[in-house]
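The structure appears below as structure tokens.
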Amino acid sequence: MIKYSFIVPVYNTEKYLDKCLDSLVRQTYKNFEVIIVNDGSTDKSSDIILKYQKKYKNIIVINQKNEGLSMARNNGTKKAKGKYIIFVDSDDYVSERLLENIDKNIEDCDILRFQIATEDEKYNNTRKYHEKAFDTMTGYNAFKYLASYHFVEPAWCYVIKKDYYVENKFGFKKGVYHEDFGLIPYVIYKANKVKSIDFIGYYYIQRDGSIMNNKDYKKTVKKAFDMLEQYKTMRLFSKNINKKNNLDDYFLSYISNSAIVKARELKKEDRKKYIRELRKLDVFSGVLVNTKVRRFKKALMKVNLGLYLKVIG
């Protein structure tokens with residue numbers, strides 16, 4: 001039985017694709033497959049994929065019309081045969097010892113988290129994130145730890161047991177940015193067993209043309225309002241969470257704060273429109289007020305969100 005399935009959506013990433021795929025096929029632990037989902041690429045990505053497919057028997061390719069990152073991941077998951085799935089973006093890469101370190105620690109976890117480093121387009125390291133690792137705990141306890149991390153939502157931070165993922169009918173929402181925000185926090189929270197290891201296994205490349213770093217302001221506006229759509233989805237998820245030591249409040253506060261701070265990326269008129277939507281959705285009510293500092297922050301954001309956004313930088 002295949003133990004691990006890497007799921008790699010590809011859309012016009014010819015500049016980075018060799019680096020990504022090399023990091024996968026060179027894993028020191030060998031029981032894995034690579035599911036490449038070619039999402040209608042129009043550059044030389046298809047040629048690169050074919051080259052690897054011919055050379056490596058454990059590479060499976062899905063060719064589809066351009067449907068976006070969410071559907072590429074969803075379709076890759078359906079094809080995966082591994083006990084665990086790992087999402088990898090095709091402009092990033094992983095440590096060649098990633099699976100080796102995962103396999104030493106996975107036990108019978110629903111989710112295992114590993115650490116991240118960021119690099120620029122020339123693969124110069126910009127920062128390593130050695131965030132606090134922890135032993136196996138329930139998802140609602142793990143979420144409280146993870147909510148303070150720099151990278152919480154990206155799907156590529158985690159190994160996820162496929163049976164757990166499929167049985168709960170998890171999937172990424174089609175046609176929106178911030179698809180990870182609309183799913184991964186709930187995947188963590190709902191799990192029975194979550195563990196985090198202190199091993200940097202993923203290298204996130206911060207490039208200007210990527211989805212999340214694109215400088216096109218129209219896309220920036222869409223990202224912000226897509227965040228609100230994902231917030232609505234997560235708010236519905238939060239109603240299905242059983243109360244466990246009031247940790248459901250942390251979940252709601254996390255998604256509320258995430259939606260609120262998105263306003264700082266918008267220009268004046270769009271920001272006003274966005275804030276009106278925040279108020280209409282009653283997003284501010286979800287922010288925790290269990291400390292003096294949090295009470296002050298909540299009061300400030302409700303009275304003058306612009307000033308609050310300046311204060312938090």
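The values are calculated or read from the model by the stated rules, or taken from the named source; none is laboratory data. What you see is a predicted model; the values in this text were computed from it and never measured. Note that we place each Cβ from the backbone using ideal geometry, even for glycine, and neighbour counts take in every protein chain shown. We work out accessible area using only protein heavy atoms, side chains counted, and drop any ligands, DNA or RNA first. Shrake-Rupley method; radii C 1.70, N 1.55, O 1.52, S 1.80 Å.
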What number goes with the only condition from (1) surrounded by fewer than 23 Cβ atoms within 10 Å (Cβ to Cβ); (2) modelled with pLDDT of 95 or more; (3) farther than 27 Å from Y177 by Cα that L99 does not pass? (1)
Per the list (1) in contact with a Cys (Cβ under 8 Å, 6 or more places away or on another chain); (2) without any contact (Cβ under 8 Å) to a residue 60 or more places away in the chain; (3) open to solvent by less than 50 Å² (accessible area, probe 1.4 Å); (4) of a type outside the set (D, E), residue check on Y93 breaks on (2)
Take the conditions of a type in the set (K, R) and out of contact with any strand residue (DSSP E or B) (no Cβ under 8 Å at 6 or more places or on another chain) and apply them to K79. Does it pass? no
Of all helices (runs of 4 or more DSSP H) fully inside region 136-254, the set with 1 or more residues that are open to solvent by 10 Å² or more (accessible area, probe 1.4 Å), modelled with pLDDT under 90 and touching a Phe, Trp or Tyr at 6+ places or on another chain (Cβ under 9 Å) is 139-146, 217-239
Which residue, of E119, E67, is open to solvent by less than 40 Å² (accessible area, probe 1.4 Å) and of a type in the set (D, E, K, R)? E119
Can you run down the residue pairs with Cβ atoms below 7 Å, 6 or more apart or on separate chains, where the first is in region 126-150 and in contact (Cβ under 8 Å) with a residue 60 or more places away in the chain and the partner is among the acidic types (D, E) and surrounded by 15 or more Cβ atoms within 10 Å (Cβ to Cβ)? T126/E119
Residue that is farthest from I102 (Cα to Cα), among those in region 30-59 that are open to solvent by 10 Å² or more (accessible area, probe 1.4 Å) and hydroxyl-bearing (S, T, Y): T42
Filter result (under 13 Å from the mean Cα position of the chain (by Cα) and among the aliphatic types (A, V, I, L, M)) within region 157-187: V159, I160, L183, I184, V187
